[in-house]
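J.: The structure's right below; bear with me while I get my questions together.
Taken together, the values in this text are just the output of simple stated rules run on the coordinates, not laboratory data. Since the structure is predicted, the reported quantities are computational estimates derived from the model, not experimental observations. Cβ placement follows ideal geometry from the backbone for every residue including glycine, while neighbour counts extend to all protein chains displayed.
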Amino acid sequence: MRWLLLGSGQAAAAVTRWFLQIGESVVMVVISSEKSQSAIRYAERFPNIEQLSWEHLPYRLQDAAIDGVIFCTPDTEIAPTAERFVHEIEKISKFPQVAWQLSGALSSQQLNPLKRFSISVASVHPLAALTWQLPDQWVRGMYFALEGESLACEWAQILVGKAEGHTIHLAESDKVRYHAAAVLASNALVALADAVATIQPTQYGIAPFLPIMRQTLESVAKLGTHDALTGPVVRKDFATIEKHYNALQAFPILQSCYAQLSLWMAEMADADHSTNVRKIQLQRIFVDELSHDRKKRNRDREK
């Protein structure tokens, strides 16, 4: 199949690597300017793929026999780019069969204007950090969340499978919650690493803690989240937890984070018991924290 990419940034580079691996043809990439940094970097990595401006798009599309188009743009630009694309393809007589956008939070409805031309639309979100440094076979083992019309989703499922990736199907109403989970799995993990490096008292930063972080993720993969949980919450070592909480007074945001995550650990550890022993004890330790939260929620409701 022959593909057109709208955008030349990191997402476009990732899609191109994926497609080159499985023998798909990226025919053209639409760029905003030849002088843009993303267009220059893309051209350096993929010199054989044609770059063209929006002005030249309809003339090339007429003869290019494009099967699919992928919107490799920031979320805020998907809908405006869809409108612009529709305006351009009104000038031609042959249209792509499918269109994807890559947003994790936004649904395939962002591409609804394309349905006027019987183009099947979908949201195809890779659960991966898309950087310029991705290896050629980056899709292997990765999951892609699909949402949208059947033909566009079927194409995505086939192409992900060819690269040894996996797909999960979402309802439109689940997109935002799914993407929040993705942010916690990736960006929040980075923030947590930075928090660890900040509060630990030596000059070694995050380095000493990376092995235990890796080991913990491996345990989660092998055992699941509940059986991988260890530490003072599981052991009911409430005296140590209180010491931790007090020691973090100089870092109010992290102190609050510690309290809330400890309560979540208690929910996990008490899941198989009839009473929430751990949660009750932690609520006594974090009484000031929880009281502050209640007052804030009340103020928010009053507004």
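J.: Have a look at VAL234, VAL176, VAL121 and tell me which one the Gaussian network model of the chain (Cα, springs below 10 Å) gives the largest fluctuation.
T.: Of the options given, VAL234 has the highest mean-square fluctuation.
J.: Separate question: If you take all C-alpha pairs in the stretch 162-257, what percent of them are over 15 Å apart?
T.: 76 percent
J.: Of the candidates PRO113, PRO80, PRO211, which one comes out as most mobile in a Gaussian network treatment of the chain with C-alpha springs shorter than 10 Å?
T.: For the chain, modelled as a Gaussian network with Cα springs under 10 Å, the answer is PRO211.
J.: Now, a different point. For the stretch 250-290, just say rounded, prolate or oblate: build the C-alpha gyration tensor, square-root its eigenvalues into a ≥ b ≥ c, call rounded for a/c under 1.5, and beyond that prolate if a/b exceeds b/c, oblate if not. Mind dumping the intermediate values first?
T.: Values: a/c = 4.40, a/b = 2.01, b/c = 2.18.
Taking the square roots of the gyration eigenvalues as a ≥ b ≥ c, the stretch 250-290 is oblate.
J.: Would you work out the charge dipole size for the stretch 85-190 about its Cα centre, treating the Cβ of every Lys and Arg as +1 and the Cβ of every Asp and Glu as -1, and quote it to the nearest 20 debye?
T.: Using only the charged Cβ atoms, the result is roughly 120 debye.
J.: Evaluate the charge dipole of the chain about its Cα centre and quote only its size in Debye, nearest 20, assuming +1 on the Cβ of each Lys and Arg and -1 on the Cβ of each Asp and Glu.
T.: Numbers: 30 positive and 32 negative charges, 136 e Å.
About 660 debye.
J.: Still on this structure: Using Cα pairs under 8 angstrom and six or more residues apart, how large is the relative contact order of the stretch 55-104, in percent?
T.: That works out to 57 percent.
J.: Let me ask you something else. On C-alpha positions alone, give me the angle between the axis of helix 187-199 and the longest principal axis of the chain, in degrees, nearest 10.
T.: On a 0 to 90 degree scale, this one is about 40.
J.: Is there a pair in LYS91/LYS162; LYS115/LYS162; LYS35/LYS91; LYS222/LYS279; LYS115/LYS175; LYS35/LYS115 whose C-alpha atoms are over 30 Å apart, and which pairs would that be?
T.: LYS91/LYS162; LYS35/LYS115
J.: Right, here's the next one. Of GLN281, GLN101, GLN109, which has the largest mean-square fluctuation in a 10 Å C-alpha GNM of the chain?
T.: For the chain, modelled as a Gaussian network with Cα springs under 10 Å, the answer is GLN281.
J.: Further, regarding this structure: For each of ASP227, ASP272, ASP174, count neighbouring Cβ atoms within 10 Å of the residue's Cβ, then give the residues from fewest to most.
T.: Working: ASP227 10, ASP272 7, ASP174 14.
Going from sparsest to densest Cβ surroundings: ASP272, ASP227, ASP174.
J.: Next up: May I ask for the longest run of the chain untouched by GluC sites (Glu not before Pro) that are loop-located per DSSP and have at most 14 neighbouring C-beta atoms (other than their own) within 10 Å?
T.: It runs 165-303.
J.: Working from Cα positions, state the angle (0 to 90°, nearest 10) between the long axis of helix 252-269 and the longest principal axis of the chain.
T.: 90 degrees
J.: In degrees between 0 and 90, to the nearest 10, how far off the longest principal axis of the chain does helix 287-302 point, with axes built from Cα atoms?
T.: Value to nearest ten degrees: 50.
J.: For the chain, what is the calculated [θ] at 222 nm in deg cm²/dmol (nearest 500), taking -39500 (n - 2.57) for each run of four or more DSSP H residues and dividing by its residue count?
T.: Taken over the chain, the calculation gives -16000 deg cm²/dmol.
J.: What aspartates and glutamates could a cross-link reach from LYS236, if we take a straight Cα to Cα line under 14 Å and drop same-chain neighbours fewer than 8 places away?
T.: Hits, sequence-local ones excluded: GLU267, ASP270.
J.: What number results when the radius of gyration of the chain, computed over Cα atoms, is divided by 2.2 N^0.38 Å?
T.: Dividing the Cα radius of gyration by 2.2 N^0.38 Å gives 1.25.
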